[in-house]
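To keep things clear, I will list the structure first and then write my remarks on it.
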Amino acid sequence: MNIAVLPGDGIGPEIVAQAMRVLQRLRDDGLKLEFEFADVGGTAYERHGHPLPPATLALAQGADAVLFGAVGDPRFDRLERALRPEQAILGLRKKLGLFANLRPAILYPELAQASSLKPEVVSGLDILIVRELTGDIYFGQPRGRRDAPDGAFAGQPEAFDTMRYSRPEIERIAHVAFQAARTRKAAGHAGRVTSVDKANVLETFQFWKDVVTEVHAQYPDIELEHMYVDNAAMQLVRAPKKFDVVVTGNMFGDILSDEAAMLTGSIGMLPSASLNEQGRGLYEPSHGSAPDIAGRGLANPLATILSAAMMLRYSLGQPEAAQRVEKAVRDVLRQGLRTADIAEPGQPSVGTEAMGDAVVAALG
Ligand code: IPM
Ligand code: MG
């Protein structure tokens with residue numbers, strides 16, 4: 001199994017290095033994994049003049065799975081949009097057809113104190129956000145316009161981005177959500193999908209709501225509810241455990257998944273999988289490149305390690321190996337090890353590498 005490894009910017013290389021140690025350990029124990037590294041994001045722009053160089057894209061397209069760190073660096077904020085680091089991840093999602101983004105928000109009981117919400121509101125939280133990833137206002141046309149070379153608007157009177165969704169785009173993400181709810185129901189969850197929209201204002205999301213309702217007819221065993229995005233943002237902090245599977249568009253999903261991540265104590269804990277129609281995928285932590293702490297050995301590598309576990313499960317057909325990694329992470333938390341983002345006030349914390357050491361040791 002060939003894995004393209006794209007560490008990227010900021011804390012990306014540090015956290016990916018720890019996930020690599022975990023995967024290398026599984027390889028030593030007999031799993032057939034091959035790794036190839038490539039530059040992506042601001043790092044790639046500096047070395048090759050483009051955030052997603054052709055060689056990086058080709059490597060990702062040819063791999064069985066992609067392990068991705070993070071992209072983004074304020075040093076490149078003034079570049080024209082097409083050359084900014086974020087275009088690398090957006091380009092990979094689009095070119096690889098990674099339309100289904102799974103962002104589970106699970107609260108590890110050991111971290112109940114790290115959440116900003118009361119433990120009774122969040123304890124036992126286990127929800128899944130299914131975010132559509134290749135449509136919506138992120139990829140709308142027309143799009144206008146900032147064309148001065150330094151990225152300035154040069155006195156232009158307006159700017160715009162177009163929100164759009166096609167019927168097949170909504171249908172396929174709705175199927176992913178209903179199927180996920182079915183699998184989760186078999187494991188004891190509620191069997192409910194909450195479709196989040198803004199149908200009271202936007203045509204795009206009235207259409208979304210109608211199409212999701214149509215697809216639901218094929219899933220009589222699953223309950224469907226609709227919720228406006230503003231209310232969903234509120235319910236997520238009021239009573240997050242009432243959710244099971246949440247399905248929504250690219251933009252709302254971006255925002256709500258950050259909110260859901262924080263319920264679990266730290267966005268440093270949240271993995272994600274981005275899958276295409278063939279089930280091939282890209283795996284990345286839900287958090288970004290955190291330039292403020294980059295290079296200081298402080299970042300929490302657990303979201304990336306848990307993303308590697310999702311990769312083993314969804315793209316590489318290795319559920320036992322995935323479970324082994326997830327169990328090692330739980331064991332380490334149980335032992336009391338904390339990076340700064342999940343430590344309680346006054347509690348000692350460890351750095352990125354020490355956390356990686358502990359997970360590798362806990363693999364047994
Ligand atoms: C995410 C990130 C990206 C997004 C950025 C880096 C383009 O925030 O994966 O949630 O907006 O999708
Ligand atoms: Mg985001």
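The values are calculated or read from the model by the stated rules, or taken from the named source; none is laboratory data. For clarity, every value in this text was computed on a predicted model and none was experimentally measured. Quick reminder, even Gly has a Cβ in these numbers, built from the backbone with ideal geometry, and neighbours come from all protein chains shown.
Can we say ILE305 is over 14 Å from GLY356 (Cα atoms) and either away from ligand 2 (no atom under 16 Å from the Cβ) or not aliphatic (A, V, I, L, M) (or both)?
On the way: over 14 Å from GLY356 (Cα atoms): no; either away from ligand 2 (no atom under 16 Å from the Cβ) or not aliphatic (A, V, I, L, M) (or both): yes.
For ILE305, the condition - over 14 Å from GLY356 (Cα atoms) and either away from ligand 2 (no atom under 16 Å from the Cβ) or not aliphatic (A, V, I, L, M) (or both) - is not met.
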Consider segment 225-259. How many of its residues are surrounded by fewer than 21 Cβ atoms within 10 Å (Cβ to Cβ) and either within 15 Å of ligand 1 (Cβ to nearest atom) or modelled with pLDDT under 95 (or both)? 5
When residues of segment 333-364 are filtered for being in contact with a helix residue (DSSP H, G or I) (Cβ under 7 Å, 6 or more places away or on another chain), in contact (Cβ under 8 Å) with a residue 60 or more places away in the chain and in a loop (DSSP other than H, G, I, E, B), how many remain? 2
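Checking the structure you have, find out if any residue of segment 184-200 is under 30 Å from LEU79 (Cβ atoms), crowded, with 17+ Cβ neighbours inside 10 Å, away from ligand 2 (no atom under 16 Å from the Cβ) and among the aliphatic types (A, V, I, L, M).
Just the residues of segment 184-200 that are under 30 Å from LEU79 (Cβ atoms), to begin with: none.
Within segment 184-200 (the criterion being under 30 Å from LEU79 (Cβ atoms), crowded, with 17+ Cβ neighbours inside 10 Å, away from ligand 2 (no atom under 16 Å from the Cβ) and among the aliphatic types (A, V, I, L, M)), the answer is no, since none of the residues qualifies.
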Conditions (1) in contact with a Pro (Cβ under 6 Å, 6 or more places away or on another chain); (2) without any contact (Cβ under 8 Å) to a residue 40 or more places away in the chain; (3) of a type in the set (A, V, I, L, M, F, W, C); number of the one not met by LEU125: (2)
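Yes or no, residue by residue, for (1) assigned by TED's automatic domain parsing to the domain that holds LEU31; (2) charged (D, E, K, R); (3) more than 16 Å from ligand 1 (Cβ to nearest atom); (4) more than 22 Å from VAL5 (Cβ to Cβ):
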| site | (1), (2), (3), (4) |
| --- | --- |
| TYR283 | yes, no, no, no |
| GLY288 | yes, no, no, no |
| PRO291 | yes, no, no, no |
| ALA303 | yes, no, no, no |
| TYR314 | yes, no, yes, no |
| ALA340 | yes, no, yes, yes |
| GLU344 | yes, yes, yes, yes |
| GLY351 | yes, no, yes, no |
Scanning for something hydroxyl-bearing (Ser, Thr, Tyr) and either under 28 Å from MET269 (Cβ atoms) or touching a residue at least 40 places away in the same chain (Cβ under 8 Å) (or both), does segment 95-114 turn up at least one residue? yes
Taking segment 310-349 and keeping residues surrounded by fewer than 19 Cβ atoms within 10 Å (Cβ to Cβ) and farther than 18 Å from LEU270 by Cα leaves GLY317, PRO319, GLU320, GLN335, GLY336, GLU344, PRO345, GLY346, GLN347, PRO348, SER349
